[in-house]
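Input: a single structure, listed below in structure tokens.
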Amino acid sequence: MNILVTGGAGFIGSHTLIELYSAGHTAVVVDNLSNSSQESLRRVAKIIGIAEIPFYNVDIRDREGLEKVFACHHFDACIHFAGLKAVGESVAKPWEYYDNNISGTLTLLDVMRRNGCKSIIFSSSATVYGDPAEIPISEQCPKGQCSNPYGWTKSMLEQVMTDMQHADTEWNVVLLRYFNPIGAHQSGTIGEDPNGIPNNLMPYITQVAVGKRPELGVFGNDYDTPDGTGVRDYIHVVDLARGHVAALQKVGQGSGLSVYNLGTGHGYSVLDVVKAFERINGVRIPYSIKPRRAGDIATCYSNPEKANRELGWKALYGIDEMCRDSWRWQSQNPDGYATK
Ligand code: NAD
Ligand code: UFG
């Protein structure tokens with residue numbers, strides 16, 4: 001299949017491109033590079049062994065720009081990663097998040113349907129479950145109250161695509177709710193490259209390990225968890241990327257509307273991750289306990305059985321591989337894609 005990959009220069013998109021090509025698909029990337037660099041696409045092309053990945057520097061809110069891309073290519077489906085994703089920033093800049101994520105996706109969906117492309121795989125998030133009603137979280141778990149505008153954009157966009165699919169059953173919509181993607185491609189040449197101070201745990205740990213930050217702040221050790229620190233379902237980004245290829249097969253069979261959790265089903269605390277990182281990489285991570293971070297929940301991990309059963313997909317990598325590959329990327333590229 002030929003796939004439109006929005007946000008393909010970003011962390012998850014770049015890893016997904018490799019898995020798409022290795023499964024025999026081709027892709028065209030649309031990205032406005034607001035949180036990424038074209039260098040990631042050059043490195044992806046090198047890993048795949050092709051001259052370049054077709055790329056358009058287009059914002060998904062730009063209808064004319066998107067129409068031009070559709071005029072040049074036929075797409076069998078879209079994998080839609082493009083979006084802003086920093087939780088704290090979304091609280092400070094709600095309009096920017098609703099505009100980018102919601103207006104952008106509405107424009108994309110309209111251009112897609114006008115061009116006869118009605119299959120989409122959407123990057124959603126475990127954040128739509130809010131403070132989850134059950135652990136482990138299955139897709140049956142009701143959606144909850146999101147604690148920030150970013151989360152609401154995911155929740156609302158799920159609803160938009162669900163309603164569109166109900167109204168027009170030619171649409172195939174797969175909503176993928178990611179848990180916590182970390183790790184990097186085994187080559188060590190692509191990975192997560194956050195701007196400024198990392199918001200998320202693993203990039204913060206790797207920046208401490210590489211000497212860019214003095215210590216990790218652990219946000220709270222008084223949660224109702226085995227060691228008091230927050231528990232999450234970390235998933236290797238390569239496993240996550242393969243989940244998209246599996247979802248694409250489903251779309252090709254005319255899936256209608258489907259929702260899947262993409263996680264491993266295992267929960268690790270902040271201190272579990274720190275210890276695993278230190279053990280596997282032989283690097284010390286100094287840390288200190290800080291107050292809880294606003295909006296955080298104690299425990300969040302998936303029941304991934306539905307994706308295992310219906311997509312024939314299962315996460316293969318464990319926490320050791322995630323820590324090893326995150327460190328390989330960071331240690332080989334201390335300044336991310338700016339590393340020469
Ligand atoms: P990322 O920021 O690395 O990638 C997103 C890409 O989208 C970037 O390359 C950015 O430049 C591009 N983009 C943003 N707005 C755009 C616009 N208006 N037009 C065109 N391109 C635009 O993030 P990621 O971690 O790869 O996440 C990909 C998707 O998965 C996002 O939608 C994110 O919300 C979702 N998600 C991520 C996580 C996570 O922890 N990384 C968890 C759950 C869901
Ligand atoms: N944490 C720290 N110190 C840090 C960063 C994080 O102790 O410097 C802790 C958090 O308190 C939490 C855990 O590490 O207990 C994981 O935090 P992350 O910020 O890495 O991830 P979250 O679970 O908060 O959120 C992530 C994405 C969201 C997404 C969610 C579920 O940032 O966008 O996973 O998919 F919605």
Could you name the lysines whose alpha carbon sits less than 18 Å from that of LYS93, not counting residues in the same chain fewer than 8 places away?
-> LYS85, LYS154
Looking only at aspartates and glutamates whose Cα falls under 16 Å of LYS68's and that sit 8 or more positions away or on another chain, we get ASP31, ASP59, ASP110
Distance in nm between pseudo-label sites at ASP131 and GLN38 (7 Å out along the Cβ direction from Cα) | 4.7 nm
Give the Kirkwood hydrodynamic radius (Å, one decimal) of region 1-147, defined as one over the mean of 1/r across all pairs of different Cα atoms.
-> 16.3 Å
If you roll a 1.4 Å probe over the chain with all protein chains in place, what percent of the accessible area is carbon or sulfur?
-> 49 percent
Taking θ as phi - 60°, what are the ³J(HN,Hα) couplings along region 209-216 by the Karplus curve (6.51, -1.76, 1.60), each to the nearest whole Hz, with x for Gly and Pro?
-> 4, 8, x, 7, 9, x, 7, 8
Rounded to whole Å², per residue accessible area for region 250-340 with a 1.4 Å probe reads 49 Å²
Find the Cα radius of gyration of region 1-86, compare it with 2.2 N^0.38 Å by division, and give the number to two decimals.
-> 0.99
Could you give the accessible area per residue of region 69-142, probe 1.4 Å, as a whole number in Å²?
-> 41 Å²
With a point put 7 Å past each Cα toward its Cβ, work out how far GLN159 is from ILE48 in nm, to one decimal.
-> 3.6 nm
Beta bridges by DSSP in the chain, antiparallel share as percent, to the nearest 5 = 5 percent
Here the FRET efficiency for ALA23 versus GLN332, based on Cβ atoms and R0 = 45 Å and rounded to 0.05, is 0.95
Take every Cα-Cα distance within region 258-340, group them into 5 Å bins from 0 onward, and report for each bin the whole-number percent of pairs it holds.
-> 3, 11, 16, 17, 17, 18, 11, 6, 1
Tell me, what is the Rg over Rh of the chain, with Rh the Kirkwood radius over Cα pairs?
-> 0.94
22 Å Cα-Cα reach of LYS46 towards lysines, excluding residues that sit fewer than 8 places from it in its own chain | LYS340
With all protein chains modelled, accessible area of SER103 [1.4 Å, Å²] | 40 Å²
Please count, across region 177-325, the pairs of lysine residues with Cα atoms under 26 Å apart that sit 8 or more places apart or on different chains.
-> 7
In Å and whole numbers, how far do the C-alpha atoms of region 196-310 stretch along each principal axis, longest first?
-> 51, 31, 27
Solvent-accessible area per residue, Å², over region 10-60 with all protein chains present [probe radius 1.4 Å] | 41 Å²
Full extension from LYS306 to ASP168: what is 0.36 nm times the residue separation minus their Cα-Cα distance, to one decimal in nm?
-> 47.2 nm
By how many nm would the segment from ARG213 to ARG113 lengthen if fully extended, with 0.36 nm per residue of separation less the alpha-carbon distance?
-> 31.3 nm
Could you bin all the Cα-Cα distances of region 162-224 into 5 Å bins starting at 0 and give me the percent of pairs in each, rounded to whole numbers?
-> 3, 13, 15, 16, 13, 9, 9, 10, 7, 5, 1
Residues of region 99-134 with amide N under 19 Å of the 7 Å Cα→Cβ point at ARG292 = 127-134
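The values are calculated or read from the model by the stated rules, or taken from the named source; none is laboratory data. Keep in mind that what you see is a predicted model, and the values were worked out from it rather than measured. Quick reminder, even Gly has a Cβ in these numbers, built from the backbone with ideal geometry, and neighbours come from all protein chains shown. Ligands, DNA and RNA are stripped out before the accessible areas are found, and what is left, the full protein with its side chains, is counted by its heavy atoms. Shrake-Rupley method; radii C 1.70, N 1.55, O 1.52, S 1.80 Å.
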